[in-house]
Amino acid sequence: MAKFHVTATVNGEEVEYLCDPQQTMLDVLRDELNLTGTKEGCSSGDCGACSVILDGRLVCSCLALGAELDGAKIETIEGMAEGDELHPLQQKFLEEAALQCGFCTPGFLVAAKNLLERNPDPTETEVRYWLAGNLCRCTGYDKIIRSVLDVAAEMRGS
Amino acid sequence: MPNLARREEEQGSKMSGFQFEAPASVDEAVGVLANAAGNVRVLAGGTDLLVQLRAGIVKPDLVVDIKRIDELNTIRQESDGSFLIGAAVCGQAISENDALHKTWPGVVEAMDLIGSTQVQGRASLGGNLCNASPAADSVPGIVAAGAVCIVAGPNGRREVPVEEIPTAPGKTSLAKGEFVVAIKLPPRPAHSGDAYLRMIPRTEMDIAIVGAGVNLTLDDQGVCTAARVALGAVAPTVLLVKDAGAALVGTKVDEAALTKLAAAASAACNPIDDKRGTIEYRKKVAGVLAQRAAKIALERAGSN
């Protein structure tokens, strides 16, 4: 079966790849582009571990096909830090221990970044609802929510 | 690579082979759909289809992505006040449209209840309708609204009331070569309001045990001149309950009218017993929710 030739922008850089119609966006990111920071959890859109930003919207990369993405603009966890400088959310997750095993963390970070870009001053309830599609089976959610709220406050202050 | 092999075996989730097309216009899409051999699936947001593909529930020969078509991704308000919502517009974009939210809060809130933020970034009104789940949250809202679908097909375009699209769980009335281009919400008279409520056992991200959409219009004296009530998850398809709407017309939507509405809603249910709810529970809750949704719609109608 013929492969699809796709040109997309990933973390600000134009990339080209070939994919089968059956490959999801998650498969393409991990297996074709070697961007393995995006994690495969449930592969059914329930857990949010594979969260990425597609044309400005937070999506589960397991729920899109690689062949759909010609011309798309994609942001993944790999684009979050600037060189050696962590994004404030990444730094805060470390400082406040908002993770244990870390598997859900890239998805939470990408989702939280998308939230703060849209709403710099979310309430706790808004953060909890926004992140309801990201599951963490280690820590519970309090440290994660607190970290996001703390970063929001710091980013507003600076 | 034993680990990889095991992973695939455990998941048992390799999608079966299919061709993929992404037409750039409605006409091109109709051509692709009409000429396709075998089983074809239309791909909008993909939040149901991708899950079904991976689980092997559907094994199409061809998947047709309709998101390359501009009209499918656009919300437009016509000069008569009606709204055309492209069938592939995602839930988040629907919620972000202030004019639509102000005019049809029930429709927008129903769509917004579907799934997580991630799902809202992809899932569409057209997809939710054509996936034909009895529990689709957005469908009672648009049925109550009196919405029609713009359907494109080999014989051109036709308008179909949205409640005529789903015919059974997972089945639609769309003929070969047809697909839904947009959902059209009618012009809105003054003093109109709509609302959608659903019952789930948790606060977020669950499938409705019962869903109820109500849309009504009042005259200047506060007498109801038109009302539509639609129920989800209580029958093989979303139901338009004409008796429940009729119970409000000619009244000031008082307690007596609301009691009649609730009785009509409960009586119209033909639900199943499943892990989410019993027949008895669903019937009872359908009446209660329809009544509560009507009260919200009434309040909204009174404020415009």
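Listed by position, the helices (runs of 4 or more DSSP H) contained in segment B:90-195 that have at least 2 residues being within 24 Å of B:A290 (Cβ to Cβ) are B:91-96, B:98-103, B:105-112, B:125-130, B:138-144.
Here B:I296 clears all of (1) under 16 Å from B:S192 (Cα atoms); (2) assigned to a helix (DSSP H, G or I); (3) in contact with a Gly (Cβ under 7 Å, 6 or more places away or on another chain) except the condition numbered (3).
Highlighted here are the strands (runs of 3 or more DSSP E) found entirely within segment A:1-84 that include at least 3 residues which are out of contact with any Pro (no Cβ under 9 Å at 6 or more places or on another chain), farther than 27 Å from B:G56 by Cβ and more than 10 Å from chain B (Cβ to nearest Cβ): A:4-10, A:13-19, A:73-75.
One line per residue, one yes/no per condition, for (1) buried (at least 16 other Cβ atoms within 10 Å of the Cβ); (2) part of a helix (DSSP H, G or I); (3) under 19 Å from the mean Cα position of the chain (by Cα):
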position	(1), (2), (3)
B:T217	yes, no, no
B:L231	yes, no, yes
B:K252	no, no, no
B:L261	yes, yes, no
B:A264	yes, yes, no
B:I272	no, no, no
B:Y281	no, yes, no
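Answer with yes or no whether A:L69 is modelled with pLDDT of 95 or more, aliphatic (A, V, I, L, M) and closer than 20 Å to B:C90 by Cα. In short, yes. When restricted to residues that are in contact (Cβ under 8 Å) with a residue 24 or more places away in the chain and closer than 19 Å to A:C62 by Cα, segment A:8-19 contains 6. Contact map, segment B:277-304: first residue without any contact (Cβ under 8 Å) to a residue 24 or more places away in the chain, second residue in a helix (DSSP H, G or I) and surrounded by fewer than 23 Cβ atoms within 10 Å (Cβ to Cβ), Cβ cut-off under 9 Å, separation 6 or more or different chains; pairs are B:K284/B:S266. Checked across segment B:144-153, the condition of being more than 14 Å from chain A (Cβ to nearest Cβ) and closer than 26 Å to B:K275 by Cα holds for no residue.
B:R68 fulfils the conditions (1) part of a loop (DSSP other than H, G, I, E, B); (2) within 11 Å of chain A (Cβ to nearest Cβ); (3) at pLDDT below 95 except for a single criterion, (3). Within segment B:33-48, if we keep just the residues that are within 19 Å of A:A67 (Cα to Cα) and outside any loop (DSSP other than H, G, I, E, B), the residue that is farthest from the other protein chains (Cβ to nearest Cβ) turns out to be B:L33.
State whether one or more residues within segment A:115-132 are away from chain B (no Cβ under 13 Å), of a type in the set (F, W, Y) and farther than 30 Å from B:L62 by Cα. No, segment A:115-132 has no match at all. Among the residues in segment A:8-17, are any in contact with a strand residue (DSSP E or B) (Cβ under 9 Å, 6 or more places away or on another chain), modelled with pLDDT of 95 or more, buried (at least 23 other Cβ atoms within 10 Å of the Cβ) and not aromatic (F, W, Y)? Checked against the condition, which is being in contact with a strand residue (DSSP E or B) (Cβ under 9 Å, 6 or more places away or on another chain), modelled with pLDDT of 95 or more, buried (at least 23 other Cβ atoms within 10 Å of the Cβ) and not aromatic (F, W, Y), segment A:8-17 yields no hits at all.
The values are calculated or read from the model by the stated rules, or taken from the named source; none is laboratory data. All values derive from a computational prediction rather than experimental measurement. FYI the Cβ positions are ideal-geometry reconstructions off the backbone, even for glycines, and counts take in every protein chain you see.
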